[in-house]
Structures are given as structure tokens and as C-alpha cells.
Amino acid sequence: RAGYPDQFLAVPRVKLATYHESSGTSTGRSTGSYLTEDDWSELVDRVSRHAVSLTAQDTVLVKIPYAMVTAAHQMHAVARAAGALVIPADSRSSAMPHRRILRLLRDLQVTVACCMPLEPLLWAACAQLWGEPQPHLLAPALRAIVCFSEPLAAAKRARIQSLWKGARVHESYGVSECGGNLGGECPAGHLHLWADRYLPEILDPVTGALTTEGTGQLVVTTLYREAMPLVRYNIGDLVTLRYQECTCGWHLPLLRVFGRAESAGSQTRTLRVTDVEDLVYSLPEQLGVLFWRGVLGGSGLRIEVEAEPSCAAQAVDELRTRALTQLGMPVEVSVVAPGTLVPLDVLTQDEQFAKPRYLYTDTEDLASGILYPPALGRPGR
């Protein structure tokens, strides 16, 4: 971060092709990342190994922010290299509400969706609000969902696959400042780190010792990065890396990503987001719990989940019991009404104008300004 914007460049500026920035989730500050054309060629080759195996028969929906981070651009490039049809849906955009995504999934017969793991849950909730309790019926051609940008808990993966029957969920792991994708899933369903393109090490944050495998913070050295090579860059993610034979035949280490570890309040142990997600999404599916949030404090962990009032008591009992078994600690549980954690108007909003408007009729509300006016009329339920 101290080297922003260009102190880590290893090539003349004229060789650069694109500039990207990380999401800044760990510190609130983004890191810069440059790629040359050769970097892009290597990146496309690396990502194309993924078990999804795109072909010219695929229609690929890219529902990841195109602004600055590499994930959307790399999937766009990989899909085009395979001859697939790309739908650049973007994310965090008023022009791409969830209702529009459902329309695209259905009408364009999308076969592969690329998104954060939260997105398919949001689409399912949107479908249910619009009268379709079985969201997979709106995407009959969907065969794969490739998840980016956050760790994927096993129970969350299972819930997504249950909601979108027929679609297999794949995990993709990457870091913008390291040149994008660092690992992908093999045909056997295991996440591998591309150790022929990156030299991985595991750092013990307590002792400072570096080992070739085990559990700790992931440290990588780029081996083929041209624009911005990094030596022993500490990503900070807590991972488990191990070298063992895989039925897929890939001679690459197996990787499990837990994300950042947080202190569990006054407890002596740490808590990972994947731990809590495995707890929440292990609840019986009929309880309808899709969204949650947790608060860590001096007294431990408090979890809120959205559920219908008729399911509230069972959800509380199940979570308390499972927390003692799965987390080894008591948790405070509360159930909030649907629409509390994810506002209903977010799930039901119509498509917005993508361009500014300057001329209005005398019956329209002028208070919204000219930059991104809301769609005409009120969305129905």
C-alpha cells in the first residue's frame, strides 16, 4: 500500500495493458495491480483449467463488479477465449437488479453463472417473492455456478445447489494484487492452488515460521508475473494447504480457504465466517433461512437470522444446539422478520435507467436528481 500507485512496476508503462485494485476488505484501503498482455495470456490459460470447462455452447452470466477488481474481467476473457456467449451483468449496479437477473437466466438460457456466493441466495429470495418457490425452474439450462470473492462454506454450497437443482457450485480463489486467480476446482470437486504458477508458503502468525504446507496465513511468490512480480507476499487469508494425491490426477496442492479469522469475544478461540455459515446453513431447509449476520462482543457471538414467525422458535433452538456441537460455544440467537437483513425493496425493484435524464413530464417526481433516476412507476410484488 505504501508503494501505491506504481512503485512495484517491473516493466515500462508502455507495456501495461490494464490496471486493477483490490476490494480493500481487510484494511479499508485498496491495493493496486497491473497486468501486461502477456500477464493476461497467462491468466486466461490458468483460469481455463477450471473444472467448469467452458465451450462455445455455453452462455456465461458474469455477475461480479467490473469496476477495478480482476474477477469479472478474467471470467469475461476466459469465456470469450472458449467461444462462449458472455452476458456482462456487472454487480452493485442500479441497472442490474435481481429481477432482471432472473429474466436473463430464463430468457437467455444461461448455462454458467459467475458471482459471489450470496448472489444465488438473493436470486432465490427474489424468485420466491415473485411467486416461484422453486427458483431452479427459472434457470433450466444452468449447469454451473462459479463463486468468487469470499470463502465458500460446505453447508452454504449445499444450500445453493439445493435451491438451484441441476447446477453444480464451484469455488474459485483469487487475489487482485497477485494477478487474479490463484486456484480453482478440479473435476473431482477439490480446490487446488496453481503451485506451478505461484510458490506458496504457510506462515504461522504467532511464531513467524514458514512451512510448505499446513494451516496458517497464505504467502505467495509469483513465478510468471511480468508487470508486478511479488516475493513472499502475505495475503493474510487463513488457509489449509496440503500435498496429497487427488483422484483428478493434478499434481497440485489441495487448498481450503477460511478467510480472515476473527476473535470470538472473550473466548480463547478464534472464529471464522465459514464456521458460522456451516452452522447457519446446516439448519433444515424448510425453515427458509437464507440470510444472517453475526456480532462479536465481549460476551461472545450473537447471531441474527431471517425467518418467518412460524419458524422462529425452531430456528432458535436448532442454532443454539448446533452451536454447542459445531462451534463448541454458546451463542445468542434472535430471529428477525424477512426484509430486515435484506430489504424487500432490494429484492423486488425493477430495472433502473442506465443513463441520466434531463427532460421529465409534469407528473414525475423531480426530487431524485438527474444522474440515476428511478424507474417509472412502483414495482409490484
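The values are calculated or read from the model by the stated rules, or taken from the named source; none is laboratory data. Nothing here was measured: the structure is a model prediction, and the numbers come from that model. Every residue, glycine among them, receives a Cβ derived from its backbone with ideal geometry; neighbour counts consider all protein chains shown. Side chains are part of the model used for accessible areas, which takes the heavy atoms of the whole protein and leaves out ligands, DNA and RNA. Shrake-Rupley method; radii C 1.70, N 1.55, O 1.52, S 1.80 Å.
Worth a mention:
- Those residues of the stretch 37-76 which are among the hydrophobic types (A, V, I, L, M, F, W, C), touching a strand residue (DSSP E or B) at 6+ places or on another chain (Cβ under 9 Å) and not in a loop (DSSP other than H, G, I, E, B), in sequence order: Trp40, Leu43, Val47, Val60, Leu61, Val62, Ala71, Ala72, Met75
So that you can scan it fast, the table gives a plain yes or no per residue for (1) under 23 Å from Leu35 (Cβ atoms); (2) open to solvent by 40 Å² or more (accessible area, probe 1.4 Å); (3) touching a Phe, Trp or Tyr at 6+ places or on another chain (Cβ under 6 Å):
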site	(1), (2), (3)
Tyr173	yes, no, no
Gly183	yes, no, yes
Thr215	no, yes, no
Leu230	yes, no, no
Val239	no, no, no
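- Residue check for Gln161: surrounded by fewer than 23 Cβ atoms within 10 Å (Cβ to Cβ) and at pLDDT below 95: no
- Annotation note: Cβ proximity below 7 Å between a residue of the stretch 83-94 that is modelled with pLDDT of 95 or more and a residue that is open to solvent by less than 20 Å² (accessible area, probe 1.4 Å) and polar (S, T, N, Q) (sequence gap 6+ or interchain) occurs for Ala84/Thr59; Leu85/Thr59; Ile87/Thr59.
- Enumerated helices (runs of 4 or more DSSP H) restricted to the stretch 244-350, each holding at least 3 residues that are more than 30 Å from Ala188 (Cβ to Cβ) and open to solvent by 60 Å² or more (accessible area, probe 1.4 Å): 309-326
- Residue within the stretch 72-94 that is touching a His at 6+ places or on another chain (Cβ under 8 Å), farther than 21 Å from Arg197 by Cα and crowded, with 24+ Cβ neighbours inside 10 Å present: no
- Looking only at residues of the stretch 97-138 that are part of a helix (DSSP H, G or I), among the charged types (D, E, K, R) and more than 19 Å from the chain's Cα centre (by Cα), we find that the one that is nearest to His170 (Cα to Cα) is Arg106.
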